[in-house]
Amino acid sequence: MAIRRLFIANRGEIAVRIIRAAQSLGIETVQAYSEADQDMLAVRMADKAVCVGRPAARQSYLNAEKLVAAAQEAGCDAVHPGYGFLAENADFADRVEASGLIFVGPTGDTIRRMGDKAAARAAAIAAGVPVVPGSQGRVADIDAALTAAEAIGYPVMIKAAAGGGGRGIRIAETPDELRRLAPQAQSEAQAAFGDGGLYLERVIVDARHIEVQILGDGTRAIHAFERECSLQRRRQKVWEEAPAACLDDATRARLCASAVALAESVGYRGAGTLEYLYDEASGAFHFIEMNTRIQVEHPVTEMITGIDLVAAMIRIAGGEPLPFAQASVARRGHAIEVRINAEDPANGFMPSPGTIGSLTVPQDPSVRFDSMIYEGYTVPPFYDSLLGKLIVHGATRAEAIDRLAAALDRFVVTGVKTTVALHKALAADPDVRQDKTHTRFLEGWLAGNPAFQAPPAIQPPQAAQ
């Protein structure tokens, strides 16, 4: 293993997750933190912690020069970017490698090719993977967008070419809406990712959002099956599960094989996720984008396969080949993850920073809680509102939902508002239990539920995860 000391260029629950994976491999950890994060759990857990700037992300977690300098000064061998912030920034990956450090993830060239959503579409087409009808690469200006939309057919989705997390996305039903919404999407993408580039895709109505987890060592790739992430609010995932119950075995096999083919065609290194829209009526799936990093929802894959994805990506970055063959990757049972955010779902999901009072987490072999919080910890107002993820496993989907409902009943956190009530309601909903959902389901469900009817909140622009 070429990595003896790992620098973590991120915060929150993913920083804690990386530290635990590194510890399992006998690797020392150095945690970056902003002035607002000096008391976060990852700082307490790491072997060493280094302040990299003021609370604003652009002055700390988005400052590539400071992060690389801090990693070098701490004597680190490698940098793990986590998710969000600079995780999909090709220039950051290049800067890390140019400094003599190992970047735990794909190369800068691969991030440019696959992290740029328009370029990833082109790569998918070249690999024979079906894609959603859309523009031929980025649209240069509004006139080019209007021309492309006319060829694609309305409604069209305006999407940020860089980044993820639902940022920089709008749906235009008409040319006038496209003229109005494209500048908004461009500004949001520029603020979130430093890249205002856009491309267009046709909207597939009531699609399922399915994604395939892959691991690659630069030569060979394998999949760790798929996840469904159709329950979304404002295109931010809320509830994720594995496997996707809507797929039959033949479709699952074709979907996962297409993801491996695309990953191998670009020489992918590390953990990555290929996202698809699945049209249940026709049985067709369409590639939409690749996330060139570890995903928030990776624990559900770990629960059904037994693979430590974060440890695997560190080992690969350290020069080891893939540690297993595809035939040895098996799935067992069903897993569900819900995101516990510091938000008030009864008040438009307004962010709710504050100090954690009591915290009770269910202690059960079938329950896992990946988190950044502890009693007495003060949640800062500067970043994404994710506190942690509650993950459950069951022999079947029905059993997993029952275990989720029981775990949510036993889960207690005081001092801040959270989304626990939302997840309890979803776990009890007949349509959710019968798997009758799609990417627009939750928005309609919220609109029809009196407990959640309030003006929409303005989400913080920084640290989209």
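No value in this document is a laboratory result; all are computed from the given coordinates. Only a predicted model underlies this, so the values are computations on that prediction, with no experimental measurement involved. Every residue, glycine among them, receives a Cβ derived from its backbone with ideal geometry; neighbour counts consider all protein chains shown.
Tabulated values for the structure
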| quantity | calculated |
| --- | --- |
| Peptides 323-335, 254-266, 102-114 ordered by average Cβ neighbours within 10 Å, highest first | 102-114, 254-266, 323-335 |
| Per-pair calculated FRET efficiency, R0 = 30 Å: Ala330 and Ala122 via Cβ, rounded to 0.05 | 0.35 |
| Segment Gln59-Asp143, extension gain: residue separation times 0.36 nm, minus the distance between their alpha carbons | 26.7 nm |
| Answer label, with semi-axes √(5λ) of the Cα gyration tensor in Å calculated from the coordinates and candidates [x] 49, 26, 21; [y] 33, 29, 21; [z] 29, 27, 24 | [z] |
| Within region 127-188, GluC sites (Glu not before Pro) in DSSP loop having at most 12 other beta-carbon neighbours inside 10 Å | Glu173 |
| When each of Lys66/Lys417; Lys66/Lys117; Lys117/Lys237; Lys48/Lys117; Lys117/Lys417 is checked by Cα-Cα distance, pairs over 25 Å | Lys66/Lys417; Lys66/Lys117; Lys48/Lys117; Lys117/Lys417 |
| Relative contact order (%) - criterion: Cα under 8 Å, at least six apart; region: the chain | 15 |
| Cβ charges +1 (Lys, Arg) and -1 (Asp, Glu), total dipole of the chain, debye | 300 |
| Under Karplus coefficients 6.51, -1.76 and 1.60, residue-wise ³J(HN,Hα) of region 308-314 in Hz, glycine/proline x | 7, 5, 5, 5, 5, 5, 5 |
| DSSP beta bridge pairing in the chain, given as percent antiparallel to the nearest 5 | 80 |
| Dipole in debye (nearest 20) - region 235-354, about Cα centre, beta carbon charges: Lys, Arg +1; Asp, Glu -1 | 300 |
